[in-house]
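Structure first, commentary second.
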Amino acid sequence: MALRTIVRLGHPALRTPARSLASAELETPQVQALVDDLFETMEAAGGVGLAAPQVAESLQMFVYLAVDAQRDQAPGPEARRVLINPMVEPLGGELVDDWEGCLSIPDLRGLVPRLPEVRVHALDRRGERVELAAQGYEARIIQHEFDHLNGIVFLDRMRDLRSLAFRAEWESYLTTGDDDNGPPVA
């Protein structure tokens, strides 16, 4: 495993739709190493999700931690998820605004509307079909990472850029003090 460089806004990989992976590619050592590297890089950066385009790999793949918003305890290995060639299906509900950040846009936070519940169809790292329903914080992480696969960043989803804030100012002026971990960073 290796730490990868997380590219920042302005790098073309963040604005280019990623290509899907063929089944035969999933078995390759390069793809398997990329999955491991994504987890290691995400965890070292303190994130909850990381998409391949964020490390300049234009592939339809992301990893994330299936955790609750409070992150009261360190997630176990069962919380580690990888989704390859995902398709996200809305499951209804009104859009919900909540705070987000991004490892590729460090130190900025903003209110982003997301669906409260989604279903995902994807492949896992072994090429097995995965279908899961997610809600709340997990659904938000999935939508954020799925956007990266399509060249979209959270700033593009914001309804009002006046909520955009640097993390320190967000913590000082915009939080209620209930969330010591800050907004999701993926």
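The values are calculated or read from the model by the stated rules, or taken from the named source; none is laboratory data. Worth saying up front: this structure is predicted, and the values here are computed from it rather than measured. Don't worry about glycine lacking a Cβ; one is built from the backbone with ideal geometry, like all the others, and counts go over all protein chains shown.
Quick notes on this one:
- Verdict on His121 being in a strand (DSSP E or B) and either surrounded by 23 or more Cβ atoms within 10 Å (Cβ to Cβ) or touching a Pro at 6+ places or on another chain (Cβ under 9 Å) (or both): yes
- Pairing residues of the range 132-152 that are touching a residue at least 60 places away in the same chain (Cβ under 8 Å) with residues that are in a helix (DSSP H, G or I) and basic (Lys, Arg), at Cβ distances under 7 Å and at least 6 apart in sequence or on separate chains, gives Gly151/Arg15.
Table: residues versus (1) modelled with pLDDT under 95; (2) under 17 Å from Gly49 (Cα atoms); (3) outside any helix (DSSP H, G or I).
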residue: Pro75; (1), (2), (3): yes, yes, yes
residue: Asp97; (1), (2), (3): no, no, yes
residue: Gly101; (1), (2), (3): no, yes, yes
residue: Ile141; (1), (2), (3): no, yes, no
residue: Trp170; (1), (2), (3): yes, no, no
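- The residues in the range 107-126 that are out of contact with any helix residue (DSSP H, G or I) (no Cβ under 7 Å at 6 or more places or on another chain) and farther than 30 Å from Gln32 by Cβ can be counted, and the count is 1.
- Listed by first and then second residue, the pairs linking a residue in the range 51-76 that is of a type in the set (Ser, Thr, Tyr) to a residue that is modelled with pLDDT of 95 or more and assigned to a strand (DSSP E or B), with Cβ atoms under 8 Å apart and 6 or more places separating them unless they lie on different chains, are Ser58/Arg19; Tyr64/Gly49; Tyr64/Leu50; Tyr64/Arg81; Tyr64/Leu83.
- Summed over the range 24-52, the residues that are surrounded by 13 or more Cβ atoms within 10 Å (Cβ to Cβ) and out of contact with any strand residue (DSSP E or B) (no Cβ under 9 Å at 6 or more places or on another chain) give a count of 4.
- For beta carbons closer than 8 Å, sequence separation of 6+ or different chains, a first residue in the range 23-38 that is among the small types (Gly, Ala, Ser) and a second that is outside any helix (DSSP H, G or I) and surrounded by 13 or more Cβ atoms within 10 Å (Cβ to Cβ), the qualifying pairs are Ser23/Leu123; Ser23/Gly127.
To keep it simple, each residue is scored yes or no on (1) of a type in the set (Phe, Trp, Tyr); (2) surrounded by fewer than 20 Cβ atoms within 10 Å (Cβ to Cβ); (3) more than 14 Å from the chain's Cα centre (by Cα); (4) within 30 Å of Leu174 (Cβ to Cβ).
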{"site": "Ala22", "(1), (2), (3), (4)": "no, yes, yes, no"}
{"site": "Gln60", "(1), (2), (3), (4)": "no, no, no, no"}
{"site": "Val63", "(1), (2), (3), (4)": "no, no, no, yes"}
{"site": "Glu78", "(1), (2), (3), (4)": "no, yes, yes, no"}
{"site": "Asp98", "(1), (2), (3), (4)": "no, yes, yes, yes"}
{"site": "Leu108", "(1), (2), (3), (4)": "no, yes, yes, yes"}
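- The range 1-16: number of residues that are exposed (fewer than 12 other Cβ atoms within 10 Å of the Cβ) and either within 18 Å of Pro86 (Cβ to Cβ) or in contact (Cβ under 8 Å) with a residue 12 or more places away in the chain (or both): 3
- Hey, Pro90 touching a residue at least 24 places away in the same chain (Cβ under 8 Å), under 23 Å from Ala168 (Cα atoms), surrounded by fewer than 19 Cβ atoms within 10 Å (Cβ to Cβ) and in contact with a strand residue (DSSP E or B) (Cβ under 9 Å, 6 or more places away or on another chain) or not: no
- Qualifying residue in the range 111-125 (condition: within 11 Å of the chain's Cα centre (by Cα) and under 26 Å from Leu9 (Cα atoms)): no
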